[in-house]
1. Looking for whichever is surrounded by 14 or more Cβ atoms within 10 Å (Cβ to Cβ), among the small types (G, A, S) and under 27 Å from I205 (Cβ atoms) here; the options are A109, A69. Which one fits?
2. Looking at (1) β-branched (V, I, T); (2) at pLDDT 95 or above; (3) not in a strand (DSSP E or B), which one does T125 not meet, given that it meets all the others?
3. Being surrounded by fewer than 12 Cβ atoms within 10 Å (Cβ to Cβ) and touching a Leu at 6+ places or on another chain (Cβ under 9 Å) is the filter here; which residues of the range 159-201 pass it?
4. Starting from residues that are crowded, with 21+ Cβ neighbours inside 10 Å and hydroxyl-bearing (S, T, Y), keep the ones in the range 230-254 and report whichever is nearest to I334 (Cα to Cα).
5. Identify, please: which residue in the range 202-221 is over 18 Å from E128 (Cα atoms) and aliphatic (A, V, I, L, M) and is, among those, surrounded by the fewest Cβ atoms within 10 Å (Cβ to Cβ)?
6. Just checking, how many residues over the range 364-377 are in contact (Cβ under 8 Å) with a residue 12 or more places away in the chain and surrounded by fewer than 19 Cβ atoms within 10 Å (Cβ to Cβ)?
7. Is it true that some residue in the range 121-130 is under 22 Å from I205 (Cα atoms), in the same structural domain as H211 (by TED's automatic domain parsing) and in contact with a Gly (Cβ under 7 Å, 6 or more places away or on another chain)?
8. So, K400, is that one under 30 Å from Y239 (Cα atoms), among the basic types (K, R) and under 22 Å from the mean Cα position of the chain (by Cα) or not?
Amino acid sequence: MADIRPFRGIRPTGEYAARVAALPYDVYSHREAYREAAKDRLSFLNIDRPETQFAEEIDMYAPEVYQKANELLQRQIAQGIFRQDETDCYYLYELTMNGRVQTGLVACASIDDYVNGVIRRHENTRAEKEADRIRHVDVCSAQTGPIFLAYRKNDRIQEITKRAKQAEPLFDFTSEDGIRHRGWKIADKTALDAIRGAFGGIGQIYIADGHHRAASAVRVGLKRREEHPDYSGAEEFNYFLSILFPDEELMIMDYNRVVRDLNGLDEETFLQKLREKFEVAPCAQRQRPERKGTFSMYLGRQWYRLAIRDEFKQEDPVLGLDVSVLQNELLAPILGIGDPKKDPRIDFIGGIRGLAELERRVRTDCAVAFAMYPTSIAELFSVADAGLLMPPKSTWFEPKLRSGLFLHAIER
């Protein structure tokens, strides 16, 4: 059963929350990080991407870079920009985008649940990406980026959440992208016990986003266990910062593909090959795929509707995903994209950018674009429950959780 516990959160005081809150560190390129961090010295991106405090030529993995992150964090705590609660609490983090509301429980999850498979994964991680966050967490002795977890809706947790949101929020602001962010604290012991007990009856928790942050936090925890062989299991390094959302409130957007060339084919030959496995029909105007098993394709300034033929459909949790169908029946055999993680001829476009972005790419530097029907949260759960992995770039979650609003110290 899941061990989801309260903690003494470090958080910006209400007046600073809007300035501190920042998009996750890994959504920015090197140059973008410098530009964004320079906009406000209190933006948490300055701490999450501490290389921005040096000349652009700095080795972003140098020891002094991580020391700078810790220096900035400790300075802002001393200045009163951040404060730490004196008792263990749960917190709520509500995000509203285009009128749709999702509310997550901010808490700490167990590294043992991660190791033992109670917390389930659907993506692989890369050692070099883990190494960066391992150093960042270890040097700062704090987890600064929450892991985005999902669970099957629980009525008791929903009831407590609804009641807690009737209080005055800790913060309430709208970010530049139009997302409204609000937060609350739950400190009542009866509520704390009820929430922990409710999660104790939940058998599986799922990583929705943040696989590398999760793996890094766990590795730091295991490292500190080795450094402190007398550990009891109650130390903060045995847990990692998480925000847990009920499945019904989450929205996964499409994660679309563009390819730079047709692998030596002309457009007519390419279309002929498509018809061997797909039903292909031109569209009068741009449109998104209307259901699983369908795709929208932009080729030669024309939109097409593709539908996989019945004989090529799969029941397997991974092979049946639309991203797998497109990869295995079209991108690999026709366009020669064997490994989409490494092939420079393919690029991935988050659905938040819309179909117009696919048209723009085809007009500028690509030959064809594919708009996907979004992977569902049920499909994500099914893959994770089977102990399998999704293909790369299968899910795009919106809105993005902000970093800096809740921190978890992991001193011994």
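1. A109
2. Against the list (1) β-branched (V, I, T); (2) at pLDDT 95 or above; (3) not in a strand (DSSP E or B), T125 comes up short only on (2).
3. If the condition is that a residue be surrounded by fewer than 12 Cβ atoms within 10 Å (Cβ to Cβ) and touching a Leu at 6+ places or on another chain (Cβ under 9 Å), then D177 is the only one that fits.
4. S242
5. Across the range 202-221, the extreme among qualifying residues is I202.
6. 3
7. Scanning the range 121-130 turns up no residue that is under 22 Å from I205 (Cα atoms), in the same structural domain as H211 (by TED's automatic domain parsing) and in contact with a Gly (Cβ under 7 Å, 6 or more places away or on another chain).
8. yes
The values are calculated or read from the model by the stated rules, or taken from the named source; none is laboratory data. Just so it is clear, the model here is predicted, and its values are computed rather than measured. For neighbour counting, all protein chains shown are included, and Cβ atoms are generated from backbone atoms with ideal geometry for every residue, glycine included.
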